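Asks: Encoded as structure tokens, here's the structure I'll be asking about.
The values are calculated or read from the model by the stated rules, or taken from the named source; none is laboratory data. On a predicted model such as this, the values are computed, not experimentally measured, just so you know. Here the Cβ is made from the backbone with ideal geometry for all residues, glycine too, and neighbour counts use every protein chain on show.
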Amino acid sequence: MSIWPQQSICEVADGIFTVVHGQGEVGVSNATFVVEQDRAFVIDTMTFPEMTAGMTHEIAHQEAHITAVLNTHHHIDHIGGNKAFADVPILAHSASIRALQQLGLPAPLYDRLMPQFRGHFAGLELLIPEALQDNVALPYDGELHIFTPAHTPADATVWFPGSQVLVAGDICFIGVTPLAVNGLISGWIEALDTLIALKPEVVIPGHGRIGTSADLVVLRDYFATIQCLGNKAVKENVPLQEALANFDAGPITEWIESERHVINLERVMQEVRGEINLANLSAMPQSARKW
């Protein structure tokens, strides 16, 4: 049996195609490609070059050539397939590049976090993107919206106003509990507020099924609840696990990877205590180290 999760390619609007990848579980992210005339623009490359085969085959079927790749952020499940696009410019925000250079390729860590791919990280060649410029040309008059920080130190999203499609990267998770270990939840909430205001009709998350603006609202409400609980816990000196016992996940109760709730709550508490801030995001939640 193949270790590679099932993929399906959906055309969500004219020329905008998304690879919906597995259930969006850890190590399994979506990717998008946009075809305008004979040119294709790729957004994220998943975890391994092998995962990009269906995408590149469909682009060839569309008789298009790839002109550029955008990495929405520095996590391996969005940049690990970059090697498959080594002959075109691969772009990312400068803060994402710095984070990737600092992290490197910790294969033993990835083997532990993503055991379904154990042994494959040691042979993975990491291809570092080049810095994204403000004047990058996007197909169909697409607009870049970048948030620093949110899910990570820098998260790029792409908005296509003509078709009302938002490629949200990991600012949005649907059906999968989000994970906040590298950014600020306060910034993540602000990013969601900004994207909700666009009123997208189609939202392509970094993980999980394709959704709508209503899914952004669900995620924003989840983080607002976590933020309120974390603020209260720090103010009243309530321990993490005791605070978590009072948490109601509401609409996302059935989402997979619910063990991330404790990490997200601790991340809020770190921010409230001043252990992390805009200038220093490096302190990891203790609960994430056990994950």
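Asks: Against the conditions (1) hydrophobic (A, V, I, L, M, F, W, C); (2) surrounded by fewer than 21 Cβ atoms within 10 Å (Cβ to Cβ); (3) under 18 Å from HIS78 (Cβ atoms), where does ALA137 fall short? Just the number, please.
Replies: The one condition ALA137 does not meet is (3).
Asks: Does segment 73-80 contain at least one residue that is farther than 18 Å from ILE171 by Cα and at pLDDT 95 or above?
Replies: Checked against the condition, which is being farther than 18 Å from ILE171 by Cα and at pLDDT 95 or above, segment 73-80 yields at least one hit.
Asks: Does GLU236 qualify as being farther than 30 Å from PRO139 by Cβ and either out of contact with any Phe, Trp or Tyr (no Cβ under 8 Å at 6 or more places or on another chain) or in contact (Cβ under 8 Å) with a residue 40 or more places away in the chain (or both)?
Replies: yes
Asks: Assess whether PHE121 counts as being surrounded by 21 or more Cβ atoms within 10 Å (Cβ to Cβ) and on the phi < 0 side of the Ramachandran plot.
Replies: So PHE121 fits the description; yes.
Asks: Same structure again: Have a look at ALA95, ALA13 and point out the one that is surrounded by 16 or more Cβ atoms within 10 Å (Cβ to Cβ), in contact (Cβ under 8 Å) with a residue 24 or more places away in the chain and more than 22 Å from GLY208 (Cβ to Cβ).
Replies: Testing whether each residue is surrounded by 16 or more Cβ atoms within 10 Å (Cβ to Cβ), in contact (Cβ under 8 Å) with a residue 24 or more places away in the chain and more than 22 Å from GLY208 (Cβ to Cβ) leaves just ALA95.
Asks: Considering each residue of segment 62-86, count those that are in a loop (DSSP other than H, G, I, E, B) and over 10 Å from the mean Cα position of the chain (by Cα), and give that number. Spell out how you get there, then give the answer.
Replies: Keep residues of segment 62-86 that are in a loop (DSSP other than H, G, I, E, B), which gives 62-64, 71-75, 80-81, 86.
Checking the rest, the ones that are also over 10 Å from the mean Cα position of the chain (by Cα) come to 62-64, 80-81, 86.
Summing the residues that are in a loop (DSSP other than H, G, I, E, B) and over 10 Å from the mean Cα position of the chain (by Cα) in segment 62-86 gives 6.
Asks: May I pose another question? GLN241 versus (1) within 20 Å of ASP215 (Cα to Cα); (2) part of a helix (DSSP H, G or I): which is the lone unmet condition?
Replies: (1)
Asks: Mind listing whichever residues of segment 118-168 are among the basic types (Lys, Arg) and under 16 Å from ASP44 (Cβ atoms)?
Replies: none
Asks: Please enumerate the residues belonging to segment 278-290 that are over 20 Å from ALA233 (Cβ atoms) and either buried (at least 18 other Cβ atoms within 10 Å of the Cβ) or within 20 Å of the chain's Cα centre (by Cα) (or both).
Replies: LEU278, LEU281, SER282
Asks: Would you point out which residue out of PRO129, PRO149, PRO106 is under 22 Å from VAL19 (Cα atoms) and either out of contact with any strand residue (DSSP E or B) (no Cβ under 7 Å at 6 or more places or on another chain) or not acidic (Asp, Glu) (or both)?
Replies: Exactly one of PRO129, PRO149, PRO106 is under 22 Å from VAL19 (Cα atoms) and either out of contact with any strand residue (DSSP E or B) (no Cβ under 7 Å at 6 or more places or on another chain) or not acidic (Asp, Glu) (or both), namely PRO129.
Asks: Only one of (1) within 26 Å of LEU144 (Cβ to Cβ); (2) in contact (Cβ under 8 Å) with a residue 40 or more places away in the chain; (3) not basic (Lys, Arg) is not met by GLN23, so which one is it?
Replies: (1)
Asks: Out of the residues in segment 105-151 that are part of a strand (DSSP E or B) and among the acidic types (Asp, Glu), state the one that is farthest from ASN277 (Cα to Cα).
Replies: GLU143
Asks: Give the residues of segment 251-291 that are among the charged types (D, E, K, R), free of Cβ contacts under 8 Å to residues at least 12 places away in the same chain, closer than 19 Å to LEU109 by Cα and assigned to a loop (DSSP other than H, G, I, E, B), sorted by residue number.
Replies: The one that is among the charged types (D, E, K, R), free of Cβ contacts under 8 Å to residues at least 12 places away in the same chain, closer than 19 Å to LEU109 by Cα and assigned to a loop (DSSP other than H, G, I, E, B): LYS290.
Asks: Then there's this: From the list GLU257, GLU271, GLU275, which one is acidic (Asp, Glu), within 22 Å of the chain's Cα centre (by Cα) and farther than 14 Å from ALA150 by Cα?
Replies: Numbers: GLU271 fails: farther than 14 Å from ALA150 by Cα; GLU275 fails: within 22 Å of the chain's Cα centre (by Cα).
The match here is GLU257.
Asks: Another question, if that's okay. Name the residues in segment 43-75 that are buried (at least 24 other Cβ atoms within 10 Å of the Cβ), in contact (Cβ under 8 Å) with a residue 40 or more places away in the chain and either more than 17 Å from CYS10 (Cα to Cα) or touching an Asp or Glu at 6+ places or on another chain (Cβ under 9 Å) (or both), would you?
Replies: Across segment 43-75, the qualifying residues are ASP44, THR47, VAL69, LEU70, ASN71, THR72, HIS73, HIS74, HIS75.
Asks: Which numbered condition trips up PHE147, out of (1) at pLDDT 95 or above; (2) surrounded by fewer than 19 Cβ atoms within 10 Å (Cβ to Cβ)?
Replies: (2)
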